[in-house]
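Nothing in this text is a laboratory measurement; each read-out follows from the coordinates by a stated rule. Just so we're clear, the structure is a prediction, and the values are computed from it rather than from any experiment. So basically every Cβ, Gly included, is an ideal-geometry build from the backbone, and we count neighbours across all protein chains shown.
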Amino acid sequence: MSDDCWVYRTHQLHCASAADARRHAQGDLENARCRQEAYICVVKDCATEREIRNSDEFTATVDQIGDRTWRNWEGRMSSHRGARVRVTLTEEGELRGTEILRSSGSSTFDSQALAAIERSAPYHEIRQMAPEMRVLLTRINLSFGGVAAASATEGEP
């Protein structure tokens with residue numbers, strides 16, 4: 001990302017009515033119909049995190065990453081087990097690390113999933129993404145077994 005580009009996450013409170021906003025401000029959180037909405041901002045241009053994650057470009061890139069990883073996975077015929085792995089990337093798509101979030105119960109199966117991620121890296125397709133999308137693509141959760149390599153993303157930028 002260039003030095004003149006500033007990306008950050010902020011949260012804004014959205015309430016169903018002015019009365020709900022007053023209740024929330026007075027500390028009556030139980031009766032106030034309000035929710036926090038996460039926004040990803042580039043300098044002063046903001047979009048909700050949900051809007052970014054639901055965009056066609058974002059989901060297509062995550063699907064592309066998941067599909068490539070699935071094709072490199074030797075254990076894809078072992079659908080009776082399942083593992084979930086968090087993949088941490090740089091904003092240039094280089095593999096920074098992996099963490100098994102949910103083990104399959106088989107060290108061989110889990111090792112095959114991690115090896116598929118390493119063989120699939122780097123994920124340079126994220127270089128072409130807008131800064132607010134790249135920051136969200138630095139942590140991706142992939143599922144192996146039972147379901148194809150997945151497309152869930154989450155986490156703090």
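Quick rundown of the values:
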| item | result |
| --- | --- |
| Candidates per chymotrypsin sites (Phe, Trp or Tyr not before Pro) in the range 45-127, loop by DSSP, up to 14 other Cβ within 10 Å | none |
| Point-to-point label distance, His14-Thr59, nm (Cα→Cβ direction, 7 Å offset) | 1.8 |
| Per-pair calculated FRET efficiency, R0 = 41 Å: Glu92 and Ala21 via Cβ, rounded to 0.05 | 0.45 |
| Total charge dipole magnitude, the range 53-126, about the Cα centre, Cβ charges on Lys, Arg, Asp, Glu only, Debye to nearest 20 | 440 |
| Amide hydrogen neighbours beyond the local backbone of Arg33, cut-off 5 Å, H modeled | Ala16 |
